1. Would a scan of the range B:143-159 turn up a residue that is over 21 Å from B:ILE77 (Cβ atoms), within 16 Å of ligand 2 (Cβ to nearest atom) and of a type outside the set (Gly, Ala, Ser)?
2. Go through (1) more than 27 Å from A:PRO221 (Cα to Cα); (2) within 13 Å of another protein chain (Cβ to nearest Cβ) for B:THR174 and report which single condition fails.
3. Take B:GLY137 and decide whether it is more than 20 Å from B:GLU30 (Cα to Cα), in contact with a strand residue (DSSP E or B) (Cβ under 9 Å, 6 or more places away or on another chain) and either away from chain A (no Cβ under 13 Å) or away from ligand 1 (no atom under 16 Å from the Cβ) (or both).
4. For the range B:175-193, check the following and say yes or no: at least one residue is among the basic types (Lys, Arg) and assigned to a helix (DSSP H, G or I).
5. Among helices (runs of 4 or more DSSP H) lying entirely in the range A:193-306, which contain 3 or more residues that are more than 14 Å from chain B (Cβ to nearest Cβ) and over 30 Å from A:GLY67 (Cβ atoms)?
6. Which one of the conditions (1) within 26 Å of the chain's Cα centre (by Cα); (2) within 25 Å of B:MET172 (Cα to Cα); (3) modelled with pLDDT of 90 or more; (4) outside any helix (DSSP H, G or I) does B:GLN82 fail to meet, given that it meets all the rest?
7. Do we find that B:ASP74 is away from ligand 1 (no atom under 16 Å from the Cβ), surrounded by fewer than 14 Cβ atoms within 10 Å (Cβ to Cβ), over 30 Å from B:ILE234 (Cα atoms) and of a type in the set (Asp, Glu) in this structure?
8. Here is a check on your reading of the model: is B:LEU156 without any contact (Cβ under 8 Å) to a residue 40 or more places away in the chain, buried (at least 19 other Cβ atoms within 10 Å of the Cβ), aliphatic (A, V, I, L, M) and within 16 Å of ligand 1 (Cβ to nearest atom)?
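The values are calculated or read from the model by the stated rules, or taken from the named source; none is laboratory data. Remember, it's a predicted structure, so these values are computed and weren't measured experimentally. All Cβ positions, even for glycine, are placed from backbone atoms using ideal geometry, and neighbour counts span all protein chains on display.
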Amino acid sequence: MSQTAQASSVAVPRRTMRQWLKRPSTIAFLMTLPLILLIGLLVLYPAGYAIHLATLNKGMTRFVGFGNFEFLFGRETFWMVVKQSCIFAITAVVFKAIIGFVVAHFVHNIPSKGQRKWRGMLLVPWVIPPAMSTLAWLWLFDPSYSAFNWVLAQFGADPVPWTGDAYWARFSVILVNIWIGSPFFMIMYLAALKSVPDQLYEAALIDGANWWQRIWYITLPMMRNIIAITALFSLIVTFANFDIVRILTAGGPLDLTHVFATWSFLVGIESGDIPLGASVSLFMMPFLAIAAVIILRDVVKRGSQA
Amino acid sequence: MAEVSLHKVVKRYEGVEAVRGIDLTIGDKEFVVLVGPSGCGKSTTLRMIAGLEEITDGAIQIDGTVVNDVPPKDRDIAMVFQNYALYPHMTVSENMSFGLRLKRFPKDEIRRRVDEAARILNIEDLLERKPRQLSGGQRQRVAMGRAIVRNPKVFLFDEPLSNLDAKLRVQMRTEIKRVHQQVPVTTVYVTHDQVEAMTLADRVVVMNDGVIEQVGAPNELYHSPRTRFVAGFIGSPSMNFLRCKLDREGEDLMVRLADGVALTLPAESRERYREHVGRELVLGLRPEHLTETRPPRNGEVVAPFPAVPDVVEPMGMDTLVYFRVGREEVCARMDPSANPRVGEPITLAANLARMHLLDPGSGLVLGTRPTG
Ligand SMILES: Nc1ncnc2c1ncn2[C@@H]1O[C@H](COP(=O)(O)OP(=O)(O)OP(=O)(O)O)[C@@H](O)[C@H]1O
Ligand SMILES: [Mg+2]
């Protein structure tokens, strides 16, 4: 390399291969190439393979094009899963965002001495493996022996079929998802809050803003990028959620709590129609991709002008 | 009418007393500068006036009302921060109008005030820009604009120029003075730069270690400082302090310096210092009163002062000469034409009409009234 570099630095300017190799952007590309290949291998290959699978028939012997999708679109259960996935993901993300924001505010206002402790404790739901914490919730939700129903009984209320009734089951899976996911929002928002200079709040205080106006006119605009990115990220992850639903309700009752991942697992692995399962899990991809492009473009635009 | 007065104001943080009992009255439309070294409690005092910091003890009045428990927004003040604190996501005009919009002023009134302030500050072309598209000086103007449009009773400035480069600082200093002349509002201005203090202020408040050392017009502080701290703080290069002994020789009083140089005091100062004869004192003499020998101007009484320059610093307008008297370093300010050279003995002229004698223990300047 060094020889070529020396050679071309004295040579008459000429668009040569050597010069091209010498350009910083080329070097940067070459240096990141191993990582690009690795990512390609680990991400693109499975994704490509999933797309390939989705175009085969049940026996994986014949190419059927969009046949699997046509079949899915004709099934009521599929549209129910679409609906439930959207309700699940959107409700959960909205509440995670709100709770994360409120809690982040509280933690932000705790004097810095006690803050570490609180931050650590509040992160616990996010840190323990979801499968395990969901199991704990499963016990809490148990219709006859659980803590929740016991407490309700103490107040003379009827026991609630937490995972048995369709509406309560939807409520429960969303609740657990919020419980697990809020700390992530909390920590992201806390970092964002800390990056807002105190003097902006003091200036706003002097300008006559009350606390709500300070949040609306200072905090939120200053945090917009973080809010957008966190929500997008969480939306994608929540749409793809598997473990909570699988453990808590396994999609029941009557498939009413299925989301894409669990239903695709049911169809593809448990019922043995892998191409159909792949089609289910691929369905959301274009929508999420579009959402991601829109949100990220907005972030980049604002980032360059803010 | 907006008078600001502080009565025995104290600010205690756990452990430290940042402000230790301040009494000060700032008149209507007066421009008062708080000046002092880092950590002396200037910002704390200003922030207590603004209401951003609680008052531990004492009282602050604005316009005759005690405002100790009045929140900042109801004090009718505007503040310009050191790092401007402009809202980064708002345009210049949105930044300036924010306070008015919160108070639900009519649109055309807001428009009128913003345009007026922009005209005064020469930022009419910048109204649609975001703060990050502005230079430091422009941001400074916008921050002032934000204060002006509110039309407050009191302007508060906390080191507004310290983030600017030296040239811009001088320019903005003039600008602030001009704005105050156009929009005369009671102003409290904090800085640690004594030149800024002297040039801007109607009255300067020198603070040190949480207390006020002296309050006075710039010239008063320069000519009759009451304490060693003020004497050393005001003026640049700062006043020379030399250990000396006050002796009598017949009718004359004279100060004897460490290396034996004796300077005879002018007749007018005899009365002032007579009671201190025989004491060890400190002589305070500004560099500009220790010059090359020249025909005395009217009223000047000069005493010859021998020196051997250690360091010579040409400044253009004059040349600073450093030399030693005993173990103390002394600075003299000479005309460049005198052309002093390192190591070559010269005779300087000490203008003793402008000297001060200080008590080495208390640091008080003798012959002036004590601070109060
Ligand atoms: N929040 C705080 N907690 C504890 N001590 C503080 C706090 N704010 C200021 N102090 C102390 O109070 C004293 C005065 O601080 P202040 O900010 O008023 O100084 P200043 O005169 O403005 O100095 P500078 O020129 O550096 O801005 C300092 O000793 C500082 O350490
Ligand atoms: Mg300060």
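1. No, the range B:143-159 contains no residue that is over 21 Å from B:ILE77 (Cβ atoms), within 16 Å of ligand 2 (Cβ to nearest atom) and of a type outside the set (Gly, Ala, Ser).
2. That leaves (2) as the condition not met.
3. In short, no.
4. Yes, some residue in the range B:175-193 is among the basic types (Lys, Arg) and assigned to a helix (DSSP H, G or I).
5. A:220-239, A:243-248, A:285-305
6. (3)
7. Criteria met by B:ASP74.
8. Answer is no for this residue.
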